[in-house]
Amino acid sequence: MAPNSIHWFRKGLRLHDNPALREAVQGAATVRCVYFLDPWFAGSSNVGVNRWRFLLQCLEDLDANLRKVNSRLFVIRGQPANVFPRLFKEWKISRLTFEYDSEPFGKERDAAIKKLAMEAGVEVIVKISHTLYDLDKIIELNGGQPPLTYKRFQTLISRLDPPEMPVETLSDTLMGSGITPISEDHGEKYGVPSLEELGFDTEGLPSAVWPGGETEALTRIERHLERKAWVANFERPRMNANSLLASPTGLSPYLRFGCLSCRLFYFKLTDLYRKVKKNSSPPLSLYGQLLWREFFYTAATNNPRFDKMEGNPICVRIPWDKNPEALAKWAEAKTGFPWIDAIMTQLRQEGWIHHLARHAVACFLSRGDLWISWEEGMKVFEELLLDADWSVNAGSWMWLSCSSFFQQFFHCYCPVGFGRRTDPNGDFIRRYLPILRGFPAKFIYDPWNAPESVQTAAKCIIGVHYPKPMVHHAEASRLNIERMKQIYQQLSRYRGLGLLASVPSTNVTGNGGMMAYSPAEQHPGTSSSSSSHLPGGSGSSAPTGSGSGSILFNFDSEEQTGPSRVGQQRHTPTQSHHQQQQHGYHSVPDSSQSITSSRLCHEFAVPQHPGLLHTRGSSITGKRERESEQNGSGEEDQASCSVNKMQRQSAEVSSFLLMKSYV
Amino acid sequence: KNRRENEVVEEGPSWECLPQEILFHIFQYLPLLDRAYASQVCRGWNQAFHMPELWRCFEFELNQPASSYLKATHPDLIKQIIKKHSNHLQYVSFKVDSSRESAEAACDILSQLVNCSLKTLGLISTARPSFMEMPKSHFISALTVVFVNSKSLSSLKIDDTPVDDPSLKVLVANNSDTLKLLKMSSCPHVSPAGIMCVADQCHGLRELALNYHLLSDELLIALSSEKHVHLEHLRIDVVSENPGQQFHTIKKSSWDAMVRHSPKFSLVMYFFLYEEEFDIFFRDEIPVTHLYFGRSVSKDVLGRVGLTCPRLVELVVCANGLRPLDEELIRIAQRCTQLSAIGLGECEVSCSAFVEFVKMCGDRLTQLSIMEEVLVPDHRYELDDIHWEVSKHLGRVWFPDMMPTW
């Protein structure tokens, strides 16, 4: 008997290149396409009205396109786990298809639904089409760990077969004899809800700058390619005043909701490149936009705490400030920095900002000026940004706050200079902050520096009509760069004076399993650290080289006598504590106090065998040790998990235990 | 853990009889919490837990749930340490979050450290500097307790605190023979006279960090006096308070005296200035080794850097205008023969000039961090070729730094 199918839409809101949907119609008697929406949840969720509108438009477009093949979309009010069992029975379903979701919570949800389906005797077919590659294959190729540098990721990708070709768009032919039973009251029961139904106040809501839907996406990709063909330039376009504005060729929200297949985009780019460049094979950089997305999906797929700092093995622990007032000023475009406020206004109004504008506001919130946790910024983007996907959003925020991925942290975007460089005239600011319209270009990025006469002429007094800057940028960057340097020095165990050498080596050959250090591959000054710590080996300071050696640690080892000196002579855990100290300053930490997760991981893994550390002279040795520990443990993240567990435990029991020890 | 228990069972008494030295040797590898676990095992191990040697260093973490994500050192533990181990403490640091309460808690602890002799003390603000928020007098009296009681302080890190001239005098009066490191960037209550007093008396000072407004010719002369040891590290932060600020100059002869006295000393300078405030800088030769430009710096200033910084080891430029820095980089490669690290953020350099720069510096460039956007393709090199060319000259694989397109 021909099966009755359900195709379950989540992302992948399209009929083109939808392999799971194709499986659903294959030889089916009946086909129903469903989308689950919990109206109660919708109003209370953290997702803003622009994103909801985009989604509803996608669903309407999907429904419209399904009608063209004599089908409809069934928008089901409720939660999949509650509703599926009833649907299976009611519709006599024997096949369920959906697109693979790589994100940890999606995987968990899907596993539960699969189980329900199996119990109901329903066959489940899952197909990968939200990403170009099977992410698990990338991870497997990297020895079981997701690559943590983009370079490494590119290397792995270049070893894989090219992505699979897009599959045929759903059509009458493909539908074959499959039908969609549609009841009279379909609209009432299964229609796409309106924003009002979801509890949003739509009065005064301006029309969408980014209309949702597959149809729009397919128009845009043609325009996108036409423009590329016209400029015949495949490099990343340089940013200018114009690129800050929403473009009718922009694709990111469409990729996010799967209105546009990334594979279609990939192959269209390839074709165009071959046509324009006369058959030379395209470089990986052509696919930059798609590959970065893929990179973050890969990094996140097995890490349910990818969007957190605590308990996230790849995230550096940074002592961010909790400051709700400052956060609110940033989110509500009241920082007093026109460049930042204009971007945040654009984000709130339209749901999209240029990627360098994202860099600017993210840097300002986190490591640049306010020193507020990237998690808070990520949540605001989650609410407002149309293309914010869990993995990509969290990954980008970790990247921009220098919390992971072996980032150079020296480069801080100036909230005044960066904008001025991009749009010297300040038109972007005038567009989104009309209150500042009267300021001349000279002062529009720092209106607080404008003489009173200029402010009066502009009909905008700073501190009255527009806020004064909320931070002293020069002072804030001085403090923050110093903190980042200390944090990174702890990670890299680099003690010299250089700023650049403080970043842990990205280690081109390693699989970059964790943010662990690889000693000094590129830092000749520090590679001999084990010997320079020998008592007597001190004082070798020289202004040359990146690791200028001596600093006051050595005074320590000269002065300290007694048993601890034995520890100093060997490369022991105690020693490594010393090394992690900020440069030139020697308070000796206690490792029960928090430092960074990766570091703890490194040390908790070897505490019983200080001798092992003795042999660590090269990055290769260090790496192997770590790998073998992980392999031996059977579970790739065990080391870090146990660290997290320990941290949690320690938070609970430490005070009790310590008190007890004193009894 | 299982293994350990088994061994205890098999070998029984020998574990209890471990000599204290061995126990100490083991304990020193264990974090505090593990030592606490171990101390529950038997009387001997409990005694070992209290060995003074294990309490030489301690890092107090003072955070409030409302202002920090990190946990704090438990107040009871703090009490116990003060009661039982304060006389053992030698290397102490305080990490405080942005709340005034935390800063005050740190000062409360400090003022109880009366019977100890600290060698190092660090007051570290992990977020917005909170010591600045508290009453100056409270801070000063707490700090002075340490200065007066600890007669052999060698390292002191008190950046972003309200320390003042009189308290530095107390420091000098009690610790002049031992002080080796003093970090006090952004301490607005210290005057040039205050730091002069330190430099005049503390002849063992080897590392010093301060803001530019405290730097003077007299200070450099004092640090290069015959009585003074060789300076190893001088860190200067040049921060503009208000746009258009005027900065004083330092004579070339003073820097020359420094270099004569301490030929190997490192001079690290961080600039956070508006472009127009650079006027007086890099007019004469300056022995700077590490330069960081935190805001946009003009092509002209970078050109002067090439002429006036022969000892330059590291150069980091966060931003520059829209004109390529080609000649400036080439000049730096020619003149700064020690240069081994360079980082460029929002700048522009033509690919050809960049390759030329790398070729001239060769493999002494151990750190080369260039944002991809910096490199402007030209008739000779496309972006895709450049990493081969640069890698060839460096003798190792090199790529520009990339930022996600998101």
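Couple of notes before you dig in:
- Selection count, the range B:375-393, where residues are among the aliphatic types (A, V, I, L, M) and either facing chain A (nearest Cβ under 10 Å) or touching a Ser or Thr at 6+ places or on another chain (Cβ under 6 Å) (or both): 2
- Counting only residues that are in contact (Cβ under 8 Å) with a residue 60 or more places away in the chain, touching a Leu at 6+ places or on another chain (Cβ under 7 Å) and within 9 Å of chain B (Cβ to nearest Cβ), the range A:409-425 holds 1 of them.
- B:Leu181 vs. criteria over 21 Å from B:Leu273 (Cβ atoms) and either without any contact (Cβ under 8 Å) to a residue 24 or more places away in the chain or touching a strand residue (DSSP E or B) at 6+ places or on another chain (Cβ under 8 Å) (or both): yes
- For the residues A:Gly311, A:Gly288, the requirement of being outside any loop (DSSP other than H, G, I, E, B) and out of contact with any strand residue (DSSP E or B) (no Cβ under 9 Å at 6 or more places or on another chain) singles out A:Gly288.
- Condition broken by B:Thr126, with the remaining ones in (1) in contact with a Pro (Cβ under 7 Å, 6 or more places away or on another chain); (2) within 29 Å of B:Leu219 (Cβ to Cβ) satisfied: (2)
- Among the residues of the range A:172-200, those identified as over 23 Å from A:Phe36 (Cβ atoms) and exposed (fewer than 12 other Cβ atoms within 10 Å of the Cβ) are A:Asp172, A:Thr173, A:Ser177.
- Out of A:Leu59, A:Leu73, sole residue that is in contact with a Cys (Cβ under 7 Å, 6 or more places away or on another chain) and closer than 17 Å to A:Asn18 by Cα: A:Leu73
- Residue check for A:Phe306: within 24 Å of A:Arg152 (Cβ to Cβ), part of a loop (DSSP other than H, G, I, E, B) and either touching a helix residue (DSSP H, G or I) at 6+ places or on another chain (Cβ under 7 Å) or touching a residue at least 40 places away in the same chain (Cβ under 8 Å) (or both): yes
The rows are residues; the columns are (1) over 30 Å from A:Asn425 (Cα atoms); (2) within 13 Å of another protein chain (Cβ to nearest Cβ).
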position: A:Val231; (1), (2): no, no
position: A:Ser252; (1), (2): no, yes
position: A:Phe257; (1), (2): yes, no
position: A:Leu272; (1), (2): yes, no
position: A:Lys275; (1), (2): yes, no
position: A:Leu284; (1), (2): yes, yes
position: A:Leu290; (1), (2): yes, yes
position: A:Asp307; (1), (2): yes, no
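- Identity of the residue in the range B:294-343, of a type in the set (S, T, N, Q) and buried (at least 22 other Cβ atoms within 10 Å of the Cβ), that ends up nearest to the other protein chains (Cβ to nearest Cβ): B:Ser296
- Any hit, the range B:352-360, residues being at pLDDT 95 or above, more than 9 Å from every other protein chain (Cβ to nearest Cβ) and assigned to a strand (DSSP E or B): no
- The set of residues from the range B:249-258 being surrounded by 18 or more Cβ atoms within 10 Å (Cβ to Cβ) and either in contact with a Lys or Arg (Cβ under 8 Å, 6 or more places away or on another chain) or of a type in the set (D, E, K, R) (or both) is empty.
- For the range B:367-383, the criterion of a residue being assigned to a loop (DSSP other than H, G, I, E, B) and buried (at least 22 other Cβ atoms within 10 Å of the Cβ) is satisfied by no position.
- Any helices (runs of 4 or more DSSP H) falling wholly within the range B:37-135 and containing at least 3 residues that are more than 10 Å from chain A (Cβ to nearest Cβ): B:43-49, B:100-112
- Candidate set: the range A:361-391, residues that are part of a helix (DSSP H, G or I) and of a type in the set (Val, Ile, Thr); chosen: the one farthest from B:Arg295 (Cα to Cα): A:Val380
- Residue in the range B:310-319 that is out of contact with any Asp or Glu (no Cβ under 7 Å at 6 or more places or on another chain), within 21 Å of B:Arg364 (Cα to Cα), of a type in the set (D, E, K, R) and touching a residue at least 12 places away in the same chain (Cβ under 8 Å) present: yes
- Answer residue from the range B:236-266, given it is touching a Phe, Trp or Tyr at 6+ places or on another chain (Cβ under 9 Å) and within 8 Å of another protein chain (Cβ to nearest Cβ) and is modelled with the highest pLDDT among those: B:Asp237
- Criterion violated by A:His472 - all others in (1) touching a residue at least 40 places away in the same chain (Cβ under 8 Å); (2) surrounded by fewer than 19 Cβ atoms within 10 Å (Cβ to Cβ); (3) at the interface with another protein chain (Cβ under 9 Å from one of its Cβ atoms) satisfied: (1)
- Flag if B:Arg206 is more than 10 Å from chain A (Cβ to nearest Cβ) and not hydrophobic (A, V, I, L, M, F, W, C): no
- Flag for B:Pro162 being part of a loop (DSSP other than H, G, I, E, B) and more than 14 Å from every other protein chain (Cβ to nearest Cβ): yes
- Helices (runs of 4 or more DSSP H) fully within the range A:146-198 that include at least 2 residues being closer than 30 Å to A:Phe74 by Cα: A:172-175, A:186-190.
- If you go through the range A:22-44 and keep only what is surrounded by 21 or more Cβ atoms within 10 Å (Cβ to Cβ) and either in contact with a Cys (Cβ under 7 Å, 6 or more places away or on another chain) or without any contact (Cβ under 8 Å) to a residue 12 or more places away in the chain (or both), you end up with nothing.
- Among the residues of the range A:426-469, those identified as more than 13 Å from every other protein chain (Cβ to nearest Cβ) and in contact with a strand residue (DSSP E or B) (Cβ under 7 Å, 6 or more places away or on another chain) are A:Ile435, A:Leu436, A:Gln455, A:Cys460, A:Lys468.
- Condition met for A:Arg14 (among the basic types (Lys, Arg) and in a strand (DSSP E or B)): no
The values are calculated or read from the model by the stated rules, or taken from the named source; none is laboratory data. This one's a predicted model, so the numbers in the text were calculated from it and none came from an experiment. Cβ coordinates were reconstructed from backbone atoms using ideal geometry, including for glycine residues, and neighbour counts include every protein chain displayed.
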